[in-house]
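Notes for the one structure printed next.
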Amino acid sequence: MNLKKKIFGILASGMLLIPSVVNTIQPFTINAVTDAEAKYNANAEAASNPVKLIIHKIEATQEEFNTTPYENTGDIMPELEAKPKIAGVRFKLYNVTSYFNERLKTIASLGQSASVLNTTEEQRLAAYKQTVNFFKDKSASFIDGSEYASIVDPETGVLTSEAEGIATFTGVPQANADGSNRVYVIVESSTSGAHYAGTNNPVKIPMSVNTVIALPIIKDPNNDALFTASETDKEIDIYPKNFTDSKPDIAKELIPSAQDITDDSDGNGDGFVLIDDKDATNPPLGSTGNTSDPTVTRSIGELVEFKIDYKLPYDLASLVNDTIYKHSYFILNDLPDVGLNFFSTDKITVQDNPAEHTDFVNAKNNAEATYTSLLNTPLNLVISKYSNVAGSSLTANYADTRNLQFKFNMPTTVSTETTAKLQALAGKMITIKLKMIVAQDAPIEKSMNNLIKYKNHKNDGSGDNEGQDDSEFVIVFKKDFIKVNGRSDQLIKDGKAGFVVKRNDGKYFGGYTADGEVRWLTVTNPTQYKASDFVTGNVKGSGATESGVTYENIPVHVFWTTKDGTSADTITTGEINLPGLRKGTYQVEEVQAPDGYYLDDAATTISFTIDGSLNQSTYIGSGKTLEKIKNHPKGYLPSTGGIGIVIFLVIGISAMSVGGYMLVRNRKIKGNIV
């Protein structure tokens, strides 16, 4: 076998040479033959001596595909020969020279009837790249109907061999009769019978990107003709590469809500706020130095929806010694930060399976729910606390609000039927949709992350595959206030004040449900009520939580100035402690003044906006100055501007007193006149 072959121009395998970098591949230069006519005369002679194309089908992982762009050389590649070989894959070979020549004539500004013999190497390379870009992802069925391609015998294609995973095309012409290039595309037309060569272990693999090859072959670096007319066994070895990916992929996606889309600050419509944490006093928990983390804002008691895609490996049905399945189990751990509690698993689906498990909706309310299988597949799923997993059936135990674990157990008994079901499931995506709730202990202005980890344990001794996804964050903001004397600016600590909170859509805060969901109340005609009606609980509203729980006649929640914890209930700290809130505009309205103070609507209704920027929250314990809400003590009327009205009252009363005195005096004087 001749092991010193290079492909003229370039030899590109879409799976060995990443398509995105194909334009950067440099051609093999031809210096020894400078006369184009002599060169093509040599090629014409070679045209009568066909070559053999040997396709080596190997297994390679996604990681290898991304990190090691192997280049075909036309030679045997020992570093690839050590990889598992795959039998039962069908290849077809097509002649696409007509397409190549059309591109070449256009690039060289030649007429359609002109010869391509005297085109330059650069022009041929450009035409080759266009040919690669056109055919690299075309299916066999598409090429079968293409006017630019013709099938090369055998028409049914060639299967890779059982022993070595090799498909061989013999008698392939190197050039046309006039000496011009022959260009071929190698297409992987079927992988339905793919299995590891020399075994019965099936493997599910995606189609590889097509391989485009331009002939004849020129040897590098001396650039002498590789083949002569007398040679008979000319072999070109090609390694198209599949990413069979024996370890599962995982991807976590935070699903923005309709409100997130409305709140989108950067205008790209993805629903995420870009939080700039570079100047944050308390940088986000999940921050790794980036100045903009994709984040959604939430209020305490609001839900955050996540979608977790978990791709099973393509070799799911593979066996070890024909007695046990290669994979033992797959574990998915959901590990949210403090402030995010598990709320519910809404559904579990399997790709291409119309059925779905929707029994998990609010399943946390059940002590235990048991299922025997996952969507009629051979996999059993156990859902439980992270620290304690047992059993082989699906058990939903939501006693713990954090560290939720999904464990997919493989069958322990090998059978033909089970293997077929696993083969059908291989490479499929399992999707889990679940919700977290923002809990009362959520940190303020610190990003909360819902970390997803996976572990794939195998029975073949090759070690565990592990990975994680910690992208996208949730953040809560806060705004507290302080109650002060409108005259002295001192804290009011001798009586409690009450407040209600209203959003910019007119809905009032109504507390939380038993499950911790926040309630925002629609109050019919709120202007009909007096402030005291809020205090007595007569102002009520209705609505529905994010999870769909409806409520009616819920009193608007009143926030009171907080107790200092050391003295009588009548003594307060003067602080108004509001809940953690999402981005938006709100109003805080005083409905009860402290004892001995006026309730002044103009002074005690304050609008504030949370715009999603860090370091804007002012709250109890933040060390920042709280915004003031003022009350004026009874006996003093509040000034509305300038020096107020008190001085005018004094002047008026004085004037009235003087006027009264003068009137009485005048009457007395008149009474004494004779």
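Things worth noting here:
- Subset of 57/311; 311/435; 311/446 violating a 28 Å alpha-carbon distance limit: 311/446
- Residues in segment 298-317 reached by a label modelled at residue 429 [backbone nitrogen below 20 Å; 7 Å Cα→Cβ]: 305-316
- For the residue pairs 347/428; 85/347; 428/458; 479/540, the C-alpha atoms sit more than 27 angstrom apart in 85/347.
- Taking label points 7 Å from Cα along the Cα-to-Cβ direction, residue 81 and residue 609 give a separation of 7.1 nm.
- Here's the picture: charge each Lys and Arg Cβ at +1 and each Asp and Glu Cβ at -1 in segment 433-583, and of 457, 514, 544 the one pushed furthest to the positive end of that dipole is 544.
- Sequence ranges 93-99, 523-529, ranked by mean other-Cβ count within 10 angstrom, highest first: 93-99, 523-529
- What a 1.4 Å probe finds exposed on segment 113-155 is 48% carbon and sulfur by accessible area, rounded to a whole percent.
- Gain in span if fully extended, residue 106 to residue 71, counting 0.36 nm per residue against the direct Cα distance: 9.7 nm
- Inter-label distance for residue 515 and residue 262, nm, one decimal - labels placed 7 Å from Cα along Cα-to-Cβ: 2.2 nm
- Residue separation of residue 538 and residue 468 scaled by 0.36 nm, minus their Cα-Cα distance, works out to 20.1 nm of gained length.
- Prolate/oblate/rounded label for segment 57-193 (Cα gyration tensor, a/c 1.5): prolate
- Annotation: per residue accessible area for segment 119-195 equals 43 Å², rounded to a whole number [probe 1.4 Å, protein chains only].
- Relative packing of 457-466, 531-540, which averages over residues the other C-beta atoms within 10 Å, highest first: 531-540, 457-466
- Distance between modelled label sites at residue 144 and residue 249, nm, 7 Å Cα→Cβ extension: 2.8 nm
- Descending by average beta-carbon neighbour count within 10 Å, the peptides 171-181, 443-453 line up as 443-453, 171-181, the highest first.
- Here r is the Cβ-Cβ distance between residue 320 and residue 552 and R0 is 56 Å; the resulting FRET efficiency, rounded to 0.05, is 0.40.
- On the beta carbon distance between residue 120 and residue 161, with R0 = 30 Å, the FRET formula returns roughly 0.15.
The values are calculated or read from the model by the stated rules, or taken from the named source; none is laboratory data. Only a predicted model underlies this, so the values are computations on that prediction, with no experimental measurement involved. For neighbour counting, all protein chains shown are included, and Cβ atoms are generated from backbone atoms with ideal geometry for every residue, glycine included. The protein model used for the area step is the full one, side chains on, heavy atoms only, and it has no ligands, DNA or RNA in it. Shrake-Rupley method; radii C 1.70, N 1.55, O 1.52, S 1.80 Å.
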